[in-house]
Each structure stands twice: as C-alpha cells, then as structure tokens.
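Everything below concerns the one structure shown next.
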Amino acid sequence: SQTIHQWPATLVQPVGSPLSLECTVEGTSNPNLYWYRQAAGRGLQLLFYSVGIGQISSEVPQNLSASRPQDRQFILSSKKLLLSDSGFYLCAWDRERNQPQHFGDGTRLSIL
Amino acid sequence: TQLLEQSPQFLSIQEGENLTVYCNSSSVFSSLQWYRQEPGEGPVLLVTVVTGGEVKKLKRLTFQFGDARKDSSLHITAAQPGDTGLYLCAGPRNAGNNRKLIWGLGTSLAVNP
C-alpha cells in the first residue's frame, strides 16, 4: 500500500531563518506531488505541484520554493522566513487527474 | 473562474442531530470529492461523486451530486462526536492537462456530546 511521510510535525523558527520541509511517498511511482498551505483550519491553498523529477510549477508568488530531487521526494524550502509564512503545510500525492489526493499529516510552522 | 462555495462555514450541534452541508458552484464539475480533516492531520477522502444525480452512502453519511453537476451535499444522520472535523469539497479544474484541484473553504463541524 502507498504511504506518505511528512516531517517534522511541528517547527518553530525565527524570522529570517531558512526552512526545509520534506515529504516522501512510498509504494507508488511517478506520483504527482503537491504542497499546500492551510490557514486557521480552513481551505487549502496550492503552493507548488510537480509531475516529475525536477519539474516544479508554482501557483503563487511567495517567499518559498520547491524541489523534487527524486521521484518520490518533494521538498519545500525558504532562504529567509517571514512572519507571514506561518501556517499548516500539507504534502499530497495522486496518480492521475481526477483521482483523489492523499495527504501527509502536515507540518505546523510557527515563525517568531 | 471556477469556485466552490461551502456552507455553512461553521456548525455546532448536539449528538444525535441530523445535518446537511453544501458545496455549490456556478461551474460544472466532472466530479467532486469530499474530505474530512481532523485537527493536526491531513484531509482524508470520504467519497467521490461522478454522475449527475448520484447518491452515495457511507454509513450515516449520504452524499449527493446535483443533476447538473454544479453542486453537492453531505447529509449526516444522528451525528456523533467522532464526526467532528473540517469537511472539504474539491473538484478537478476544467482544463486540458491541468492536474490541480479546486478546493472549497470547508465546513467546520462540532458535534457536542
């Protein structure tokens, strides 16, 4: 069966510090991968998605970047965090369009 | 622009009550998905509805897709505290090779014992 792992579960970082969140998927190959941010238990904002190694599409201009160095690894990064980067970050995967997405347990990021 | 509007935004009820939440759009969707998200966790898929007028049941949860495939509803019978969570609907964007889902903002449900 397929599983998705996301870490860390919580993170507290000072303003201006770098960020690296990692997501890995097991049990499938060539997944589509997604990074979302969710504010205050509400809807999901798509940040990045990837259909293959090295292929990243950005949805909104922001202080974050994403990379996919391996087929089942997706990384969310920042060089200098802002207060506005606080939130709940979710990684997800699917195989085909119109198929449901499967989510990790998320990372709660607090910027001080 | 395709949008999904969910209502109500918040709902607090007593255990044993029935409730309905809605997911509406002015656009046609090829399918709609319903997810439930508990605090501190990622959303988990409940059901996908594909055919206009389709009704799917998942124990005490009944999902309906509108005939015109522009809206969907979720009805919960005899709600239990375990039903507490954020209910999200999502649908695929109507674009050729676009893999992105459009998400509603969710209905936050609290079932009090």
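Rounded, prolate or oblate: pick one for region B:48-88, where a ≥ b ≥ c are the square roots of the eigenvalues of its C-alpha gyration tensor, a/c under 1.5 means rounded, and failing that, prolate if a/b is larger than b/c, else oblate. Prolate is the answer for region B:48-88, as a/c is 1.5 or above and a/b outweighs b/c.
Using unit Cβ charges (K, R positive; D, E negative) and no other charged atoms, how large, in debye to the nearest 20, is the dipole of region A:3-111 about its Cα centre? Walk me through the numbers on the way to the answer.
Numbers: 9 positive and 8 negative charges, 48 e Å.
Using only the charged Cβ atoms, the result is roughly 220 debye.
Using the Cα gyration tensor of region A:1-63, with a ≥ b ≥ c the square roots of its eigenvalues, what is the shape: rounded (a/c below 1.5), prolate (a/b larger than b/c) or oblate (neither)? Prolate, since a/c reaches 1.5 and a/b exceeds b/c.
Toward the positive end of the charge dipole of the protein assembly as shown, with +1 on the Cβ of Lys and Arg and -1 on the Cβ of Asp and Glu, the farthest Cα among A:38, B:1, B:79 is that of B:1.
Interface A/B, total buried accessible area with a 1.4 Å probe, nearest 100 Å²?
Values: alone 6220 and 6260 Å², together 10560 Å².
Its buried surface, counting both partners, is about 1900 Å².
A straight line joining the Cα centroids of region B:33-76 and region A:22-93 runs 25 Å.
Considering only A:99, A:45, A:55, the Gaussian network model of chain A with Cα springs below 10 Å gives its largest mean-square fluctuation to A:99. Positive-end ranking of A:76, B:46, A:50 along the dipole of the protein assembly as shown, with charges on Cβ about the Cα centre, is headed by A:50.
Probe radius 1.4 Å, ligands and nucleic acids ignored: give me the carbon and sulfur share of the accessible area of the protein assembly as shown as a rounded percent. Don't skip to the end; give the middle numbers.
Working: 5250 of 10560 Å².
Roughly 50 percent of what the probe reaches on the protein assembly as shown is carbon or sulfur.
Its Kirkwood hydrodynamic radius, worked out from the mean inverse distance over all distinct Cα pairs, puts chain B at 14.2 Å.
Relative contact order of region B:5-112: 36 percent, from C-alpha pairs under 8 Å at least 6 residues apart in sequence.
Relative to the Cα centre, the charge distribution of the protein assembly as shown, modelled as +1 at Lys and Arg Cβ and -1 at Asp and Glu Cβ, gives a dipole magnitude of about 400 debye.
Across every direction, the projection of the convex hull enclosing the Cα atoms of region B:1-49 has a mean area of 4.8 nm². Counted over all Cα-Cα pairs of chain A, pairs farther apart than 16 Å make up 56 percent. Solvent-accessible surface of the protein assembly as shown, averaged per residue with a 1.4 angstrom probe and all protein chains in place: 47 square angstrom.
The values are calculated or read from the model by the stated rules, or taken from the named source; none is laboratory data. Note that this is a predicted model, so its numbers are computed, not measured. With ideal geometry, Cβ positions are generated from the backbone for all residues, glycine too; neighbour counts draw on all protein chains shown. For the accessible areas, the whole protein counts, side chains as well, though only heavy atoms, and no ligand, DNA or RNA atoms are used. Shrake-Rupley method; radii C 1.70, N 1.55, O 1.52, S 1.80 Å.
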